[in-house]
Amino acid sequence: MDYKKMKITALIIIFLIGVVWYTNVLNKSPYTTITPALIKELSVEEELMILEYKIQNKSDVPFALIYFSKDGKIGAGYLTVKNNNPEFIQDIIVPQNIDRNIELIGSTGKYTYIAMSINNKDLRNKGNRIILTGTTSQSEEINGNRHFIFLKDSSVFKKIEIVSYEGEVLFEQEI
């Protein structure tokens with residue numbers, strides 16, 4: 001092989017290495033996926049009682065929406081991991097009021113969410129489904145659970161209902 005062919009071969013190899021490096025390093029998102037173990041670590045570090053969470057790893061920026069309580073307050077926040085560093089941003093924190101039948105907190109924006117606690121035992125035991133309606137509808141079975149998160153892209157929730165197994169509306173509130 002003569003010098004000219006070796007030079008061309010070397011340039012092609014360097015070019016291919018550059019393409020592979022670019023696609024693997026420069027083009028890679030700095031964000032990584034969220035795991036339940038990471039949420040557990042966060043709860044220990046931040047001294048949070050995790051009430052409920054939703055992991056959204058298929059988003060452009062993987063995140064978890066976390067509903068928590070701490071020091072007599074309830075709140076919600078976003079957990080992301082950028083460059084292997086977890087970042088937790090608290091979105092809302094309000095005083096907890098367990099005397100209310102249900103407690104709701106939420107936010108609108110890129111992701112609209114409602115985090116809620118059903119404090120009334122009769123609603124938890126007799127209720128079959130929680131139904132949120134608005135620009136779209138979303139529902140979830142209660143199954144004796146107390147805490148829930150409803151998360152939607154660019155939706156607006158206007159009303160919440162708790163419905164019995166027989167279809168009777170046990171609780172209704174405009175949001």
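The values are calculated or read from the model by the stated rules, or taken from the named source; none is laboratory data. Values in this document were obtained by computation on a predicted structure and should not be read as measured data. Here Cβ is always computed from backbone atoms with ideal geometry, including for glycine, and neighbour counts include all displayed protein chains.
What to note about this one:
- Taken together, the residues in region 51-74 that are over 13 Å from the mean Cα position of the chain (by Cα) and either touching a residue at least 60 places away in the same chain (Cβ under 8 Å) or closer than 23 Å to Glu140 by Cα (or both) amount to 2.
- Residues (assigned to a loop (DSSP other than H, G, I, E, B), out of contact with any helix residue (DSSP H, G or I) (no Cβ under 8 Å at 6 or more places or on another chain) and under 20 Å from Ser117 (Cβ atoms)) located in region 35-83: Glu47, Asp71, Gly72
- Selected residue (only one of Asn97, Asn145, Asn128 is of a type outside the set (Gly, Ala, Ser) and not in a loop (DSSP other than H, G, I, E, B)): Asn128
- Members of region 131-142 found to be assigned to a strand (DSSP E or B) and either crowded, with 18+ Cβ neighbours inside 10 Å or of a type in the set (S, T, N, Q) (or both), listed by number: Leu132, Thr133, Gln138, Ser139
- Residue within region 86-99 that is farther than 19 Å from Leu48 by Cβ and either modelled with pLDDT under 95 or touching a strand residue (DSSP E or B) at 6+ places or on another chain (Cβ under 6 Å) (or both) present: yes
- Residues of region 108-127 that turn out to be exposed (fewer than 15 other Cβ atoms within 10 Å of the Cβ) and either farther than 17 Å from Asn145 by Cβ or at pLDDT 95 or above (or both), as a count: 3
- Output for region 52-70, where each listed residue is modelled with pLDDT under 95 and acidic (Asp, Glu): Asp60
- Meets criteria (at pLDDT below 95 and among the β-branched types (Val, Ile, Thr)) for Thr35: no
- Region 148-175 - residue that is touching a residue at least 24 places away in the same chain (Cβ under 8 Å) and in a loop (DSSP other than H, G, I, E, B) and, of those, farthest from Leu104 (Cα to Cα): Tyr165
- Ala115 meets the conditions (1) part of a strand (DSSP E or B); (2) touching a Ser or Thr at 6+ places or on another chain (Cβ under 6 Å) in every case but one. The failed one is (2).
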